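Working notes for the structure below.
The values are calculated or read from the model by the stated rules, or taken from the named source; none is laboratory data. Keep in mind that what you see is a predicted model, and the values were worked out from it rather than measured. Ideal geometry is used to build each Cβ from the backbone, glycine not excepted, and the neighbour counts take in all protein chains shown.
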Amino acid sequence: MRFQDYSAPRIIEVKSASDGLLMAYIDGSCLENKHVNAQTPASWSVVIVTGDNELGKGTGTILTEFYGRVQTNPDADDFIGAEVGSNNTGELTAMAEALRWLLKHNEEREVLVRTDSTYAGNIASGHWRAKANLKLASHVQALWNEVSSICELKWKHVRAHKGHRWNERADHLAFRVLNEQEPIPFSFWKPGQR
């Protein structure tokens, strides 16, 4: 069976947004997160939701979802600083891609990024100082600052693999692209299904 090229980011769907808080659910994934290097496969995903009440029951509407592989080749057009493939570079790349989307599509609406990675949230917002992934972390912090200059931007931790519908959807997308599988269309997907 031939698989699609998952090295390039993919956007699945974009709907028009209503007013109110935008939620960006992000996730990163890595098969072997030990002894990582530039050839270690890692992936990222973003699910943008409006109308979410944060309880994890799936309220709200998906505006768009997109995903891709972590790019570690400095000569590639989509390289943003990841030197290795790892869970952390997946999470930071997801944050970067969400922030890039917000710069292009958000019109000063309040944004809450939900992540199961306190590392990504704290590095992006400048609360922690990066000790690794320095180029990627610097790029993500610059994007965070740019988005923060046009809208209210916060992040909040969500517990992984606890049934939170939108976090589970982001996990599904990152896991699927990592394993070179097409995501299950949202209308057929069940939370927890990888």
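Quick notes on this structure:
- Residues satisfying the stated conditions in the stretch 103-124, i.e. within 18 Å of GLY28 (Cβ to Cβ) and either among the β-branched types (Val, Ile, Thr) or touching a strand residue (DSSP E or B) at 6+ places or on another chain (Cβ under 6 Å) (or both): VAL113, ARG114, THR115, THR118, GLY121, ILE123
- Every pair of residues 6+ apart whose Cβ atoms lie under 7 Å, when the first sits in the stretch 172-185 and is of a type in the set (D, E, K, R) and part of a loop (DSSP other than H, G, I, E, B) while the second is crowded, with 18+ Cβ neighbours inside 10 Å and at pLDDT 90 or above: GLU182/ARG176
- Residues that are surrounded by fewer than 23 Cβ atoms within 10 Å (Cβ to Cβ) and within 20 Å of ALA174 (Cα to Cα), drawn from the stretch 73-96: ASN73, ASP78, PHE79, ILE80, GLY81, GLU83, VAL84, ASN87
- Residue ID - farthest from ASN167 (Cα to Cα), chosen from residues in the stretch 30-68 that are modelled with pLDDT of 95 or more and surrounded by 24 or more Cβ atoms within 10 Å (Cβ to Cβ): ALA42
- Here the stretch 74-122 is the region considered, the condition is being hydrophobic (A, V, I, L, M, F, W, C) and part of a loop (DSSP other than H, G, I, E, B), and the residue that is farthest from the chain's Cα centre (by Cα) is ALA76.
- The stretch 62-86 residues that are closer than 13 Å to LEU136 by Cβ, paired with ones that are charged (D, E, K, R) and outside any loop (DSSP other than H, G, I, E, B) (beta carbon under 6 Å, 6 or more apart): GLY81/LYS135
- Verdict on SER125 being touching a helix residue (DSSP H, G or I) at 6+ places or on another chain (Cβ under 8 Å), among the polar types (S, T, N, Q), surrounded by 14 or more Cβ atoms within 10 Å (Cβ to Cβ) and under 18 Å from GLY68 (Cβ atoms): no
- The stretch 163-188, subset among the aromatic types (Phe, Trp, Tyr) and surrounded by fewer than 15 Cβ atoms within 10 Å (Cβ to Cβ), residue modelled with the highest pLDDT: PHE186
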